[in-house]
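The structure appears right after this line, and notes come after that.
The values are calculated or read from the model by the stated rules, or taken from the named source; none is laboratory data. Predicted, not measured: the structure shown is a model, and the values here were computed from it. Here the Cβ positions follow ideal geometry from the backbone for every residue, glycine too, while neighbour counts run over all protein chains shown.
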Amino acid sequence: MADHFRKHDKIAMAKGKPSKNEEEVTFADDGHSELLETIKTPMYTSNGQLAGVLGIGRDITERKRTEEEKLRLEEQYHQAQKVESIGRLAGGVAHDYNNALSVIIGFTELAMEEVGPAGPLRADLNQILTAAQRAADITRQLLAFARKQPAAPQVLDLNRTVESMLKMLRRLIREEIDLAWVPGTDLWPVKLDPSQVDQILANLCVNSRDAIEEQGKITIETGNAIFDGSYCADHPGFIPGEFVLLAVSDNGCGIGKDILDNMFEPFFTTKDADKGTGLGLSTVYGIVKQNSGFINVYSEPGEGTTIKIYLPRHQGRAVDVQVPSPEGLPGGRGEMILLVEDDLLILKLSKKTLEGLGYKVLAANTPSEAMALAEQHPGAIDLLLTDVIMPQMNGKDLALRLQTLYPKLKCVYMSGYTANVIVHHGVLDQGVHFIQKPFYKKDMAKIVRKALNEKAK
């Protein structure tokens with residue numbers, strides 16, 4: 001320890017004036033460390049000869065920890081502000097943007113039905129559909145990052161969920177890359193939307209694939225983890241509690257410190273412009289935060305990367321996620337649907353789609369027009385299909401008013417952005433049937449049929 005202090009004594013003597021330093025000192029008796037703030041002042045005799053150095057020190061260990069914690073909290077606050085700003089932006093554009101994409105996708109699908117599989121315009125229409133889907137993915141990923149993507153969480157066994165995805169994930173990566181699966185034993189349940197697990201794993205595996213130049217390996221792993229307060233105090237970013245780990249590792253090129261600090265930012269990418277939007281990892285970040293989890297990244301250039309996601313343990317029992325059967329579109333049986341949409345093009349598209357599926361349709365452009373049609377209609381109305389965000393009143397309020405006229409009325413909502421009308425804290429209200437814009441004909445067919453088949457409560 002004497003040698004440690006003597007180094008700063010020499011600095012003060014060389015300068016010939018007081019020197020202020022921060023010195024970390026490890027004590028030999030028990031090995032603990034303290035951070036000291038020292039002031040070293042050269043002392044001189046009456047004839048100007050150097051007599052020694054006066055050192056004054058104080059323990060600033062706790063003050064330094066407090067300053068670092070304050071800085072960490074400020075960074076978290078700025079990150080939260082950034083997410084909120086992006087959320088407002090995403091929500092502001094998503095409604096109109098997704099309405100426009102619904103029209104493009106919907107009328108393209110109708111045109112493809114008219115052209116037929118061997119028609120001369122089929123390839124061109126397919127290109128339109130592909131481009132529209134790419135645009136829809138960008139909006140969906142922005143909403144996911146901002147935690148404004150509607151979710152329908154279920155209690156899941158991540159092992160079963162991951163296993164059901166392995167075939168699809170292997171198609172996403174190249175043949176020369178090995179995909180290893182290491183399931184944890186006695187895994188605790190988690191609660192989140194199964195489609196969000198799909199998004200997390202697809203984005204992480206694609207990211208790992210792009211980091212591997214030739215042959216390589218991607219490993220998916222699950223496990224249980226418990227963190228106490230003392231562990232979290234020594235590991236910034238960790239949260240005390242019981243968690244389920246979902247980790248994706250690769251032996252690719254690794255990530256440098258400058259990239260690590262920005263990798264979850266929207267539109268941040270090191271890939272070529274035609275190979276990525278920079279929204280994949282930000283989507284993962286948003287989904288994990290929406291579900292009260294956290295992420296840790298371990299990486300070194302040339303050594304590969306491990307991204308560890310921790311999701312809160314849920315006490316309920318896991319359910320089996322039903323895999324949709326590849327049967328044809330479920331159609332109508334002549335049921336009467338009241339369709340309400342303030343965008344005239346989507347109103348026209350949805351009416352044509354529903355009638356093509358075998359339903360009868362009353363179409364209204366405003367909530368007041370819908371109320372008038374319902375009051376004047378002589379027969380039964382089986383289902384309300386309504387936009388969520390509209391002038392005059394929102395879709396939920398309209399449904400409540402219409403149910404005073406038709407107590408057994410079923411309801412399906414559709415929207416490109418729900419605000420908090422039928423979604424709270426990112427979760428769809430219990431029992432709500434929802435179609436996310438932009439949608440395909442098959443989406444509308446399945447959800448409308450499911451709502452009509454549901455028994456009255």
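Annotations
- Given (1) modelled with pLDDT of 90 or more; (2) under 20 Å from Tyr310 (Cβ atoms), index of the condition Asp178 fails: (2)
- Some residue of the range 433-448 being farther than 25 Å from Glu109 by Cβ, surrounded by fewer than 19 Cβ atoms within 10 Å (Cβ to Cβ) and either over 21 Å from the mean Cα position of the chain (by Cα) or modelled with pLDDT under 90 (or both): no
- Within the range 409-432, the set of residues being part of a loop (DSSP other than H, G, I, E, B) and modelled with pLDDT of 90 or more comprises Leu409 only.
- Strands (runs of 3 or more DSSP E) wholly inside the range 1-109 containing at least 1 residues that are at pLDDT below 80 and among the aliphatic types (A, V, I, L, M): 19-26, 50-59
- Summed over the range 37-76, the residues that are more than 23 Å from Pro236 (Cβ to Cβ) and either within 43 Å of the chain's Cα centre (by Cα) or aromatic (Phe, Trp, Tyr) (or both) give a count of 1.
- Of all positions in the range 184-192, none carries a residue that is under 26 Å from Cys253 (Cβ atoms), under 20 Å from the mean Cα position of the chain (by Cα) and surrounded by 14 or more Cβ atoms within 10 Å (Cβ to Cβ).
- Count of the range 165-182 residues which are more than 23 Å from the chain's Cα centre (by Cα) and part of a loop (DSSP other than H, G, I, E, B): 3
- Within the option set Ser292, Ser299, Ser282, being of a type in the set (S, T, N, Q), part of a loop (DSSP other than H, G, I, E, B) and either modelled with pLDDT of 75 or more or in contact with a helix residue (DSSP H, G or I) (Cβ under 9 Å, 6 or more places away or on another chain) (or both) holds for one residue only, Ser292.
- Residue match in the range 308-325 (condition: within 15 Å of Asp210 (Cβ to Cβ) and either at pLDDT below 90 or in contact with a strand residue (DSSP E or B) (Cβ under 6 Å, 6 or more places away or on another chain) (or both)): no
- Residue that is nearest to Lys289 (Cα to Cα) [pool: residues in the range 148-164 that are in a strand (DSSP E or B) and touching a Gly at 6+ places or on another chain (Cβ under 6 Å)]: Ala151
- Residue count for the range 195-235, restricted to those that are in a helix (DSSP H, G or I) and within 26 Å of Arg174 (Cβ to Cβ): 17.
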